[in-house]
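Working notes, structure below.
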2 protein chains.
Amino acid sequence: MSQVFHTEEFSNGLTLVAEAVADVSSSAITISLPSGVCFDPSDRSGSAAVLAEWCFRGAGDRDTRGLNDALDALGCQHHESVLSHHTVFSATQLAWNLPAVLEIYADILRRPALSQEAFDPSCDLIAQDLEALEDEPARKAMMQLREKFYPDPLGRGLYGTAESLAALTAEELRDHAAKHMNPNGAIISVAGKFDYDRLRGMIGEYLGDWSAQAPAEIQTTPPPRGITHIPKDSAQAHITLAHETVTLSDDQYYAARLAATVLSGGMSSRLFTEVREKRGLVYHVSASYHSLKDHAGMFTYAGTVPQKAQETLEVTVGELRRLASDITEEELAKAKTQLKSSLVMQCESTGSRAGALASDYYHLKRLRSLTEIADAVSAVSVDEVKEHLAQRPAGDFAMLVIGPEPLDTSCLNV
Amino acid sequence: MSQVFHTEEFSNGLTLVAEAVADVSSSAITISLPSGVCFDPSDRSGSAAVLAEWCFRGAGDRDTRGLNDALDALGCQHHESVLSHHTVFSATQLAWNLPAVLEIYADILRRPALSQEAFDPSCDLIAQDLEALEDEPARKAMMQLREKFYPDPLGRGLYGTAESLAALTAEELRDHAAKHMNPNGAIISVAGKFDYDRLRGMIGEYLGDWSAQAPAEIQTTPPPRGITHIPKDSAQAHITLAHETVTLSDDQYYAARLAATVLSGGMSSRLFTEVREKRGLVYHVSASYHSLKDHAGMFTYAGTVPQKAQETLEVTVGELRRLASDITEEELAKAKTQLKSSLVMQCESTGSRAGALASDYYHLKRLRSLTEIADAVSAVSVDEVKEHLAQRPAGDFAMLVIGPEPLDTSCLNV
């Protein structure tokens, strides 16, 4: 499969990246703005989440109702996500509606109403998201683990706190928007069916004269790490662990991804086999790779009944450590097939493809073809994975458990 | 887009349905066996769920480890789901691995090991699934609502009870498998890239001489319906409601789907606008259509903080009822675009497409093209939706709430 990429860097710091996909009817777009949760003022955490909600409550000549009507009438399926560094607006629609959707998003970006009357309901919804997290302990544990693992403010939780949300004012948040809803560092990615000249022309017309702000600086402080137990009378103990690994732009990136696949890539993966299948210890166990620009982690989750939690922790940590010494040729070959297959299959979705383009450009300043990735995956040797794991051993864990009882964590220090 | 369908009915009652999709690299397959949860013996509920787990613990010449290794080495992404009528094995892989994957699934279907040593761990995992549901109250509420809404055993919960799982024996479950893992009424659907003659030949070779059992009969008893409150010290009140609508094979099916889309199809939908946006009442609200062969329901969920639960219930029920009287041309036009767009976009995934083929064949005994569906959606008038809603008004609700306090449900009886 040959791939056709387009990249256009506008003078205000906005970049358009695009990939034409043959024989699809849809176009997917992601708009990544440099207004992620790490830019929230520290006593106003939750700002980015409230802002993402508020932006869709009227823009240009349309009120909230008019805006929602217009997007729905175009069959646009959209969602908004707030990440560490970016706020991402994603939208998928049939290709012929892309121009009309783009025009609406230009209003959302440059002429959001940010009205006083829509401010309180926007805050209320994020406050409810925060409260609802109490009924989703697995998700809450993983979110709070990130906060412990990454240098502050990079791992900060999305929804802030009851106090920070209550303290937020419309005026402050408008100032925050003016500073961070910024073309400088923004990435627009499009995958699917489109006429590239027309697409570039529209982005230029709508957003080319959007004034840039200087990029915001982030001061980080070292992560707290350590071990936390949040007592909860839950049915399961939700055990989460994180340890450091290399970032997406590192030479050892593919070795790290393959190591994660051996650990947790399928039913024959080590965690699944050793923890779930042989010992029947857990309801769910997985390890996943996650990268920010300058920091990356391997995040492990295990959910199990409280009486099996101690053994689950010990076996899981044992597997994370054992990998460095005894990964085999056969396991690696299997992991390569899995990684390459899942990549190709994922890219059959225009939405996933648009997300991958934006991620590549943010991390690497260029786009990788599937062939480049497949070749790089194929080239990794067992020795390279072992060397990578020797340099980045599973250790210096951040750990967080939500469940009835604390665990004996001496196995983390061996 | 022109679509090429294939259908082959084998003499043992197995049907193969397939659709070639241009310019993709993957092939998705679903195997729907007539061994859903409704066939679980009533004092052995959870049988189908345990069996689906047990089937993947060795088959043909492979033990558990060998089976998992083989599927992972083919880059096969698979999952198993137990529905009311069917157990569904789904697998997606690159097209050139489809023949090898099919060969493995033939072993799983016809030569599963079902060994004694793998039985207890399979039961344990389902018991853990059941226990883990306690930490997912939204999912638990919807699952238990189905049980109240559909005639027993059609809405039965997946995981059984602690008692029914403890009572289950390997010998009983082997008998159950022999009776219900049956080609008679099974549907295999394939979507993506394949050589149809080869595919049909392989299915014929592997499964054509698989002996058929008589189809199992189901005796239903009227659903309990009514109102249930499950007290829980949760952060949110999880409110679920269900009322009757027409099945997928009914003439009014498209009217029912459009009514659901007006209620809950996007950010401008009635539930989203009236409940979430204007009143800021809920964290999440949605209504969705669900059809079995002879029964169908509209299922509504709202999650909200306990102090707003009463108002949320009343506004939600008000919206479900109001629809019949005042749906507009503009709303219907928007709903048609949404429904058609989401359909086209969904079908860009070979996995979704394979699922849709199996569903069509089960409900209609034929396959619908996207053009047929789009034309049928376009043809529905406002009067037809109103007439449908007049005949199937939102009433005779089944309701289930998980949360700290019971609600005043007099609004359901107006």
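Contact map, the range B:351-363: first residue on the phi > 0 side of the Ramachandran plot, second residue crowded, with 21+ Cβ neighbours inside 10 Å and not acidic (D, E), Cβ cut-off under 6 Å, separation 6 or more or different chains; the map is empty.
So which of B:E387, B:E331 ends up being more than 20 Å from the chain's Cα centre (by Cα), among the acidic types (D, E) and surrounded by fewer than 16 Cβ atoms within 10 Å (Cβ to Cβ)? Give the steps one after another, and end with the answer.
On the way: B:E331 fails: surrounded by fewer than 16 Cβ atoms within 10 Å (Cβ to Cβ).
Unique residue meeting the criteria: B:E387.
Quick check on my filter: what residues within the range A:268-279 are part of a loop (DSSP other than H, G, I, E, B) and crowded, with 19+ Cβ neighbours inside 10 Å? If you could, list the steps in order and put the result at the bottom.
Applying the first criterion (part of a loop (DSSP other than H, G, I, E, B)) to the range A:268-279 yields A:268-269, A:278-279.
Within the range A:268-279, A:S268, A:S269 meet the criteria.
Selection within the range A:334-352: residues that are hydroxyl-bearing (S, T, Y) and crowded, with 19+ Cβ neighbours inside 10 Å. The member of this set that is nearest to the other protein chains (Cβ to nearest Cβ) is A:S341.
Name the pairs: first residue in the range A:238-265 and closer than 20 Å to A:E331 by Cβ and modelled with pLDDT under 95, second residue among the basic types (K, R) and open to solvent by 10 Å² or more (accessible area, probe 1.4 Å), Cβ to Cβ under 9 Å, at least 6 apart or on different chains? Going by the 9 Å Cβ cut-off, the qualifying pairs are A:G265/A:K334. Would you tally the residues in the range B:231-244 being touching a Leu at 6+ places or on another chain (Cβ under 7 Å) and not small (G, A, S)? Total satisfying the criteria: 2.
Against the conditions (1) within 9 Å of another protein chain (Cβ to nearest Cβ); (2) surrounded by 21 or more Cβ atoms within 10 Å (Cβ to Cβ), B:I126 satisfies every one except (1).
Only one of the numbered conditions (1) buried (at least 21 other Cβ atoms within 10 Å of the Cβ); (2) away from chain B (no Cβ under 13 Å); (3) free of Cβ contacts under 8 Å to residues at least 40 places away in the same chain is not met by A:V282, and that is (2). Could you list, in sequence order, all residues of the range B:25-52 that are within 13 Å of chain A (Cβ to nearest Cβ) and surrounded by fewer than 21 Cβ atoms within 10 Å (Cβ to Cβ)? Correct list: B:S25 only. Within the range A:286-312, the residues that satisfy the criterion of being within 14 Å of another protein chain (Cβ to nearest Cβ), open to solvent by less than 40 Å² (accessible area, probe 1.4 Å) and not in a strand (DSSP E or B) are A:V305, A:A309, A:T312.
Taking the conditions exactly as written (more than 10 Å from every other protein chain (Cβ to nearest Cβ), of a type in the set (K, R) and farther than 21 Å from B:S27 by Cα), does B:K365 satisfy them or not?
When the stated conditions are applied, B:K365 passes them.
Tallying residues that are open to solvent by 10 Å² or more (accessible area, probe 1.4 Å) and more than 13 Å from every other protein chain (Cβ to nearest Cβ) within the range B:235-244 yields 2. Only a single item in (1) within 13 Å of chain B (Cβ to nearest Cβ); (2) closer than 16 Å to A:D40 by Cβ; (3) open to solvent by less than 10 Å² (accessible area, probe 1.4 Å) is not met by A:I104, and it is number (2). Return a yes/no flag: does the range B:247-260 have any residue that is open to solvent by 10 Å² or more (accessible area, probe 1.4 Å) and within 9 Å of another protein chain (Cβ to nearest Cβ). No, the range B:247-260 contains no residue that is open to solvent by 10 Å² or more (accessible area, probe 1.4 Å) and within 9 Å of another protein chain (Cβ to nearest Cβ). Being closer than 28 Å to B:N68 by Cβ and under 22 Å from the mean Cα position of the chain (by Cα) is not true of A:S378.
Evaluate the range B:315-326: report whether one residue or more is in a loop (DSSP other than H, G, I, E, B), in contact with a helix residue (DSSP H, G or I) (Cβ under 6 Å, 6 or more places away or on another chain) and surrounded by 20 or more Cβ atoms within 10 Å (Cβ to Cβ).
Narrowing the range B:315-326 to residues in a loop (DSSP other than H, G, I, E, B): none.
Within the range B:315-326 (the criterion being in a loop (DSSP other than H, G, I, E, B), in contact with a helix residue (DSSP H, G or I) (Cβ under 6 Å, 6 or more places away or on another chain) and surrounded by 20 or more Cβ atoms within 10 Å (Cβ to Cβ)), the answer is no, since none of the residues qualifies.
With respect to (1) open to solvent by less than 40 Å² (accessible area, probe 1.4 Å); (2) farther than 18 Å from B:Y254 by Cβ; (3) out of contact with any Ser or Thr (no Cβ under 9 Å at 6 or more places or on another chain), the lone exception for B:G355 is condition (3).
For the range A:73-101: of the residues being of a type outside the set (S, T, Y), part of a loop (DSSP other than H, G, I, E, B) and within 21 Å of the chain's Cα centre (by Cα), which is surrounded by the most Cβ atoms within 10 Å (Cβ to Cβ)? Full working, then the answer.
Narrowing the range A:73-101 to residues of a type outside the set (S, T, Y): A:73-80, A:82-83, A:85-86, A:88-89, A:91, A:93-101.
Right, trim to part of a loop (DSSP other than H, G, I, E, B) and you get A:74-76, A:83, A:85-86.
From what is left, the residues that are within 21 Å of the chain's Cα centre (by Cα) are A:83, A:85-86.
Details: A:L83: 14, A:H85: 20, A:H86: 25.
It comes out as A:H86.
The single condition among (1) open to solvent by less than 50 Å² (accessible area, probe 1.4 Å); (2) at pLDDT 95 or above that B:A216 does not meet is (2).
So which of B:L109, B:L154 is in contact with a Cys (Cβ under 9 Å, 6 or more places away or on another chain), away from chain A (no Cβ under 14 Å), closer than 22 Å to B:S32 by Cα and open to solvent by 20 Å² or more (accessible area, probe 1.4 Å)? Of B:L109, B:L154, the one residue that is in contact with a Cys (Cβ under 9 Å, 6 or more places away or on another chain), away from chain A (no Cβ under 14 Å), closer than 22 Å to B:S32 by Cα and open to solvent by 20 Å² or more (accessible area, probe 1.4 Å) is B:L154.
Name the single residue that is most open to solvent (accessible area, probe 1.4 Å) among those in the range A:134-149 being within 8 Å of chain B (Cβ to nearest Cβ) and in a helix (DSSP H, G or I).
Initial filter on the range A:134-149 (within 8 Å of chain B (Cβ to nearest Cβ)): A:134-138.
Those still in the list that are in a helix (DSSP H, G or I) too: A:134-135, A:137-138.
Numbers: A:E134: 72, A:D135: 15, A:P137: 5, A:A138: 38 Å².
Looking at the filtered set, the residue picked out is A:E134.
Evaluating B:D209 against the criteria (1) touching a residue at least 40 places away in the same chain (Cβ under 8 Å); (2) open to solvent by 20 Å² or more (accessible area, probe 1.4 Å); (3) within 14 Å of chain A (Cβ to nearest Cβ) leaves one unmet condition, (3).
The values are calculated or read from the model by the stated rules, or taken from the named source; none is laboratory data. As the structure is a prediction and not an experimental result, all values here were calculated from the model. Note that each Cβ is placed from the backbone with ideal geometry, even for glycine, and that neighbours are counted across all protein chains shown. Heavy atoms of the whole protein, side chains included, go into the accessibility calculation; ligands, DNA and RNA do not. Shrake-Rupley method; radii C 1.70, N 1.55, O 1.52, S 1.80 Å.
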